[in-house]
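S.K.: Sharing a structure, written as structure tokens. Questions coming.
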Amino acid sequence: MLEIHNVGKTYQRSDGKVAALREVTLSVGAGEFLAVRGPSGSGKSTLLLTAGALLAPDTGSVLVDGADAYALSLDRRAEMRAGKIGFVFQQFHLVAYLNVRENILAPSLAAPSEGAGARAAELMERFGLGGRADHTPGELSVGERQRVALARAMLNRPTLLLADEPTGNLDEVNGRLVLDALAEFADAGGAVLLVTHDPGAAEKAHRTAELIDGRLVEEAGALA
């Protein structure tokens, strides 16, 4: 589902260049859940944005379901993101003036589907949001906002879920719900890439890797 080959990314800042990723290679196949751990500033978010066809690397390649993401036109790349990739972020990135139902349906604007409304209703029920459909994000708890973001990510039945510190703002109960949902997605044949600084958040993953100073320096086998 996801293949990253020798990816490098450097940022130019006022005090010089900063190498965020250095020759990173990894893959996540169907039915796999990979957690990449690392401290703040290690390059985790850059890795996820690059994997999600949102930030072009300086070197290397990113293949999503066999297609070279950065060889596609901007329009084709946007279509691929909408149809194949779901994103879950720590800060949720919900649209403040849209209600829960509308936020969940937002991906259908880029990839229209006749069953989008029914799919949104199904996801609202699954994540305990059925009574919140007409509420805006400002009327929701932190845990509810993350569940909306998770439902939005799953609306178009993507093959790949990318999660950036999705439990960072959550209590233990809501954090477990999110991690369980990611694990269930992988168990159903999807691919999951989670980046986190929290070792405990990686416990649901099938494999773990560590990113330090932009390098993937350790990868473990399946967790017990």
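S.K.: For the chain, set up a Gaussian network in which alpha carbons nearer than 10 Å are linked by springs, and say which option among 58, 187, 75 fluctuates the most.
M.R.: Between 58, 187, 75, it is 75 that shows the largest mean-square fluctuation.
S.K.: Now a separate question. What is the set of long-range amide H partners of residue 60 at a cut-off below 5 Å, with H atoms built 1.01 Å from backbone N?
M.R.: The answer is 8.
S.K.: Between residue 197 and residue 11, what's the calculated FRET efficiency when r is the beta-carbon distance and R0 is 25 Å? Round to 0.05.
M.R.: About 0.80, to the nearest 0.05.
S.K.: Another question, then. Assuming R0 = 45 Å, can you tell me the calculated FRET efficiency for the pair residue 184 and residue 18, based on Cβ-Cβ distance, to the nearest 0.05?
M.R.: Efficiency, from the Cβ-Cβ distance: 0.75.
S.K.: Can you list which of the GluC sites (Glu not before Pro) found in the stretch 63-160 are DSSP loop residues with at most 11 other C-beta atoms within 10 Å?
M.R.: Counting only loop positions with at most 11 other Cβ atoms within 10 Å, the GluC sites (Glu not before Pro) in the stretch 63-160 are 114.
S.K.: Once you list every other residue whose beta carbon is under 14 Å from the beta carbon of residue 84, what net charge do they have if Lys and Arg are +1 and Asp and Glu are -1?
M.R.: 0
S.K.: Taking the chain as the reference, fit the longest principal axis to its C-alpha atoms, fit the long axis of helix 116-126 to the helix C-alpha atoms, and give the angle between the two in degrees, 0 to 90, nearest 10.
M.R.: Its long axis makes an angle of about 90 degrees.
S.K.: Right, next: Just to check I understand the Karplus step: with θ = phi - 60° and J = 6.51 cos²θ - 1.76 cosθ + 1.60, what whole-Hz values come out for the stretch 36-42, glycine and proline as x?
M.R.: Running phi through 6.51 cos²θ - 1.76 cosθ + 1.60 with θ = phi - 60° gives 10, 9, x, x, 4, x, 7 Hz.
S.K.: Taking the Cα centre of the chain as origin and charging only Cβ (+1 Lys, Arg; -1 Asp, Glu), how large is the dipole, in debye to the nearest 20?
M.R.: The calculated dipole for the chain is roughly 360 debye.
S.K.: Choose one answer from 55, 161, 150: the residue with the largest mean-square fluctuation in a GNM of the chain with alpha-carbon springs under 10 Å.
M.R.: Looking only at 55, 161, 150, the biggest GNM fluctuation is shown by 55.
S.K.: Taking a spot 7 Å from the Cα of residue 68 along the direction of its beta carbon, which residues of the stretch 2-46 have an amide N less than 16 Å from it?
M.R.: Hits in the stretch 2-46 for residue 68 at 16 Å: 3-8.
S.K.: Okay, moving on. Taking Rh as the Kirkwood radius, which is the inverse of the mean 1/r over Cα pairs, what is the Rg/Rh value for the stretch 58-145?
M.R.: 1.05
S.K.: I've got another one for you. For the stretch 84-98, in order, what is each residue's ³J(HN,Hα) by Karplus, 6.51 cos²θ - 1.76 cosθ + 1.60 with θ = phi - 60°, in whole Hz (x at glycine and Pro)?
M.R.: 3J(HN,Hα) across the stretch 84-98, in whole Hz: 10, 10, x, 10, 10, 10, 4, 8, 6, 6, 7, 8, 4, 8, 9.
S.K.: For residue 59 and residue 25, calculate 0.36 nm times their separation in residues minus their Cα-Cα distance, and state this gained length in nm to one decimal.
M.R.: Full extension of this stretch gives 11.1 nm more.
S.K.: If amide H atoms are built 1.01 Å from N in the plane of the peptide, which residues on other chains or at least 5 residues away come under 5 Å of the amide H of residue 190?
M.R.: When sequence neighbours closer than 5 places are left aside, the close amide H contacts are 31.
S.K.: Compute a Gaussian network model of the chain, connecting alpha carbons closer than 10 Å, and tell me which residue from 143, 83, 200 fluctuates the most.
M.R.: Of 143, 83, 200, the most mobile in the Gaussian network model is 200.
S.K.: Taking each pair of distinct Cα atoms in the chain once, what is the resulting Kirkwood hydrodynamic radius in Å?
M.R.: In the chain this quantity evaluates to 17.8 Å.
Every read-out reported here was derived from the displayed coordinates using simple, explicitly stated rules and does not represent laboratory data. As the structure is a computational prediction, the values presented were derived from the model and not from experiment. Heads up, the Cβs are rebuilt from the backbone with ideal geometry, glycines too, and the neighbour counts pull from every protein chain shown.
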